[in-house]
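A.B. asks: First, the structure itself, so that you have it in front of you.
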Amino acid sequence: MSESKLPLTDSVPRVVPAVPEIPQGDPEIAATVRALYTDGIYGKKGVFDAAWADRLREDIEVAYADALGRPGGAVGRGTQRHYVEIHPQQMRGWVDLVDHPWVRGVCEAVLGPDYQIVELGFDVPNPGAKDQPWHRDFPMPETTRQTGRLTSLAFNVTAVDTTEDMGPFEIAPTTQWDLPEGFEHEMFPDASLYPRFHELAVRKYPQRGDVSVRSALTIHRGTENTSDQARPVLVLGIDAPGAGNAEHHDMAVTREFYDRLPETVRAHLACPIVDELEPIVQKHSIEGLMMGDA
């Protein structure tokens, strides 16, 4: 676990974190939980092999082309950036990911045994993408504000080997606990607060097969992509019961697909079971990202 650049006791108004009981059976799960309650992010190297990540890239490219070809298929996240939500059946390795022991263990430790899988999608910063404004993905839940407990997690899986010129993800560790004073829509800090985020900022360079997990409340942004390659990254959203993020997503599975799933996955699905999948019209928009760059 990397060390935070600033302690949780600095002068910024914060929630006091209430770290859950740390599981003792798996040292890496324990380290992940600690990191989520300090830095706000943890990366695990080599969860899958490069071939698995290459299949992920292929599936993203197919879904991205389809989404761009129909109204509402993709939502803008700034210049040359899109977000696309997909169904689990559009990703060949979805069960591998959600049923991975580390993923399950982290979700249980942080969100409880009845955690819910609520979102599957991907972000694509294309060549020409600019710096995003610093932001969190949704307002701080009242439960987190009052109790200091995290109620959701975002797992990210890169589909390419990330390099400096591809617009790497940048995050400001420890800021998941910042109270949203001076934040527009409780998500977008005022530009006067940027110097602190720049001081804290860490860029991430995941390689194919790596998986990270973070609190979506940790202040972050995508950076400028000056390369000639897109940097697609998968997003898997997991909630604690009652967190409410499922209502912002339209993930679904067919009955045939559901019946083939292991019980360790079926027990955590928070989405409709349908006869036939319908293309998703995106509604997980973040207004401040649709309106432009930093």
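A.B. asks: For the chain, what are Rg and Dmax over the alpha carbons, in angstrom?
C.D. replies: 18.0, 54
A.B. asks: Further, regarding this structure: With charges set only on the Cβ (+1 for Lys and Arg, -1 for Asp and Glu), what does the dipole of segment 46-148 come to about its Cα centre, in debye to the nearest 20? Mind dumping the intermediate values first?
C.D. replies: On the way: 10 positive and 16 negative charges, 76 e Å.
Dipole about the Cα centre, nearest 20: 360 debye.
A.B. asks: Separate question: If you take the C-alpha gyration tensor of segment 28-111, multiply each eigenvalue by 5 and take the square root, what semi-axes do you get, largest first, in whole Å? Display every interim value, and only then the final one.
C.D. replies: Working: eigenvalues 163, 57, 28 Å².
The answer is 29, 17, 12 Å, longest axis first.
A.B. asks: Given the chain, what percent of its DSSP beta bridges are antiparallel, to the nearest 5?
C.D. replies: Details: 39 of 42 bridges.
Expressed as a percentage, antiparallel bridges in the chain total about 95.
A.B. asks: Turning to a different aspect of this structure: For segment 11-50, evaluate the Debye formula with one uniform point scatterer on each Cα (no solvent term) and list log10 I(q)/I(0) at q = 0.20, 0.32 Å⁻¹, rounded to two decimals.
C.D. replies: Debye curve over Cα of segment 11-50, log10 I(q)/I(0) at q = 0.20, 0.32 Å⁻¹: -0.70, -1.12.
A.B. asks: Still on this structure, please answer the following. Please calculate the 1.4 Å probe accessible area of Ile238, with all protein chains present, and give it to the nearest 10 Å².
C.D. replies: 0 Å²
A.B. asks: Still on this structure, please answer the following. Treating the beta-carbon of each Lys and Arg as +1 and of each Asp and Glu as -1, no other charges, what is the dipole magnitude of the chain about its Cα centre, to the nearest 20 debye?
C.D. replies: Working: 27 positive and 46 negative charges, 84 e Å.
The dipole magnitude comes to about 400 debye.
A.B. asks: Right, another one. Where nothing but the Cβ of Lys and Arg (+1) and of Asp and Glu (-1) is charged, how large is the charge dipole of segment 1-109 around its Cα centre, in debye to the nearest 20?
C.D. replies: Values: 12 positive and 16 negative charges, 77 e Å.
For this selection, approximately 360 debye.
A.B. asks: Mind ordering 131-137, 253-259 by average Cβ neighbours within 10 Å, highest first? If you can, show how the numbers build up before the last one.
C.D. replies: Working: 131-137: 21.3, 253-259: 15.0.
Put in order of decreasing packing, that is 131-137, 253-259.
A.B. asks: Provide the descending list of Cα extents for segment 65-125 along its principal axes, expressed in whole angstroms.
C.D. replies: Largest first, segment 65-125 extends 38, 24, 17 Å along its Cα principal axes.
A.B. asks: Which aspartates and glutamates does Lys204 reach when only Cα atoms under 17 Å apart count, and residues fewer than 8 places away in its own chain are ignored?
C.D. replies: Of all the aspartates and glutamates, those that pass the test against Lys204 - Cα under 17 Å, at least 8 places apart if same chain - are Glu3, Asp39, Asp123, Asp131, Asp161, Glu164, Asp165, Glu170, Glu224.
A.B. asks: In segment 26-66, whose amide N lies under 15 Å from the spot 7 Å out along Cα-to-Cβ of Gln207? List them in ranges.
C.D. replies: 44-54
A.B. asks: Could you pull out which residues in segment 195-238 have an amide N less than 18 Å from a spot 7 Å beyond the Cα of Thr79, following the Cα-Cβ vector?
C.D. replies: Once the point is set 7 Å along Cα→Cβ of Thr79, 221-231 turn out to lie under 18 Å by backbone N, inside segment 195-238.
The values are calculated or read from the model by the stated rules, or taken from the named source; none is laboratory data. As the structure is a computational prediction, the values presented were derived from the model and not from experiment. So basically every Cβ, Gly included, is an ideal-geometry build from the backbone, and we count neighbours across all protein chains shown. When the accessible area is computed, the model is the full protein with side chains, heavy atoms only, and any ligands, DNA or RNA have been set aside. Shrake-Rupley method; radii C 1.70, N 1.55, O 1.52, S 1.80 Å.
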